[in-house]
Ligand code: MEV
């Protein structure tokens, strides 16, 4: 019977503290219940393959050279997988399958989830001992090599799961909570360029320090208040803080017409709060909903943009070896 190594890792979203975190203010982010799953097994061929029905592509890989031959589709995410293969695989032939139930470009950290799941599956396949600390670091190194610059937050949250509070000192503090509310992530096809948007805020801050510094400072205070509100599961307060944070993000110039459209569509259709998540300048929003209106909010945004419904999840990377059913 063929042995299969399977590993999965979640996407993440930022709830509070984007941009202010760049200036050492605290932030809150969390793993969501949408995941990347990587399955590996020994191949009967003398080459390695990678297939993803969810992303609609199939390739033959040369893991030694880090190249591939396309059989079908567009394998955008493959650079992360090939980089991980170069570092953590012995180049024997394997067949690999990737399933992804979080959309690429939705701001949910799909590349980090794919990278964490790939490395975990490879380590497991090779019987290599690993822990979450080393895995998060290895995945961050892959992201940095592929992207040039990468936030360690994505790979950390994807590895550990749960909600984390990122302190002023850049310490990751997981915190226990019972936040079970439904959220809608809305995203546009206009991607934000994080580097460019971060630079824009920096210029504003340099030009108007007396005005902008207090805004950044207030964003930090909001994240601290939010931590307490989340611990108490005080949804009304979490909602107020998200909406307040949105006003401040808007004042920093990171909002766009499309993001605003999604935010107000969500609010007009019953979302209790709605704000940009991630860098803005294109990209994604996050809306806090109620169980009885989450579908309505998603449908309303879907008229012009796209959505995915999520909840925060305690699960980080999960690894298991299983045998396929007898055929
Ligand atoms: C981007 O996802 C979040 C920012 O705060 C940038 C960063 O923290 O690296 C805008």
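The values are calculated or read from the model by the stated rules, or taken from the named source; none is laboratory data. Predicted model, so just to flag it, every value in this text is computed and none were measured. Glycine gets a Cβ as well: all are built from the backbone with ideal geometry, and neighbour counts include every protein chain shown.
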Review point. Which of (1) within 15 Å of the ligand (Cβ to nearest atom); (2) at pLDDT 95 or above; (3) in contact with a helix residue (DSSP H, G or I) (Cβ under 7 Å, 6 or more places away or on another chain) is the odd one out, the single condition residue 256 does not satisfy?
Key: (3)
Study note, to complete from the structure: Given the conditions (1) more than 18 Å from residue 282 (Cβ to Cβ); (2) more than 16 Å from the ligand (Cβ to nearest atom); (3) part of a loop (DSSP other than H, G, I, E, B), every one holds for residue 170 apart from (2)
**Study point:** Failed criterion for residue 150 (all others in (1) within 13 Å of the ligand (Cβ to nearest atom); (2) in a helix (DSSP H, G or I); (3) in contact with a helix residue (DSSP H, G or I) (Cβ under 8 Å, 6 or more places away or on another chain) hold)
**Key:** (2)
Review point. With (1) surrounded by 16 or more Cβ atoms within 10 Å (Cβ to Cβ); (2) at pLDDT 95 or above; (3) within 26 Å of the chain's Cα centre (by Cα) as the list, and residue 41 as the residue in question, which single condition is left unmet?
Key: (3)
Exercise for review: Being over 30 Å from residue 247 (Cβ atoms), within 17 Å of the chain's Cα centre (by Cα), more than 16 Å from the ligand (Cβ to nearest atom) and modelled with pLDDT under 95 narrows it down to one of 77, 4, so name that one.
Suggested key: 77
Study note, to complete from the structure: Counting only residues in segment 11-38 that are within 16 Å of the ligand (Cβ to nearest atom) and under 11 Å from the mean Cα position of the chain (by Cα), the one surrounded by the most Cβ atoms within 10 Å (Cβ to Cβ) is identified as 12
Practice item. For residues that are in a helix (DSSP H, G or I) and either within 16 Å of the ligand (Cβ to nearest atom) or in contact with a strand residue (DSSP E or B) (Cβ under 9 Å, 6 or more places away or on another chain) (or both), tally how many sit in segment 262-299. Key: 11
Study note, to complete from the structure: Given the conditions (1) away from the ligand (no atom under 15 Å from the Cβ); (2) not assigned by TED's automatic domain parsing to the domain that holds residue 105, every one holds for residue 160 apart from (2)
Review point. Does any residue in segment 42-59 that is touching a residue at least 40 places away in the same chain (Cβ under 8 Å) come within less than 6 Å, Cβ to Cβ, of a residue that is buried (at least 19 other Cβ atoms within 10 Å of the Cβ) and part of a loop (DSSP other than H, G, I, E, B) six or more places away or on a different chain, and which pairs are these?
Key: 48/63
Review point. Can you spot a residue in segment 214-235 that is part of a loop (DSSP other than H, G, I, E, B), free of Cβ contacts under 8 Å to residues at least 40 places away in the same chain and closer than 18 Å to residue 274 by Cα?
Key: yes
**Study point:** Residue pairs meeting the criteria (Cβ under 6 Å; at least 6 apart or on separate chains; first in contact (Cβ under 8 Å) with a residue 24 or more places away in the chain, in segment 86-97; second surrounded by fewer than 19 Cβ atoms within 10 Å (Cβ to Cβ) and outside any strand (DSSP E or B))
**Key:** 91/64; 93/43; 93/45; 93/46; 93/47; 94/43; 95/43
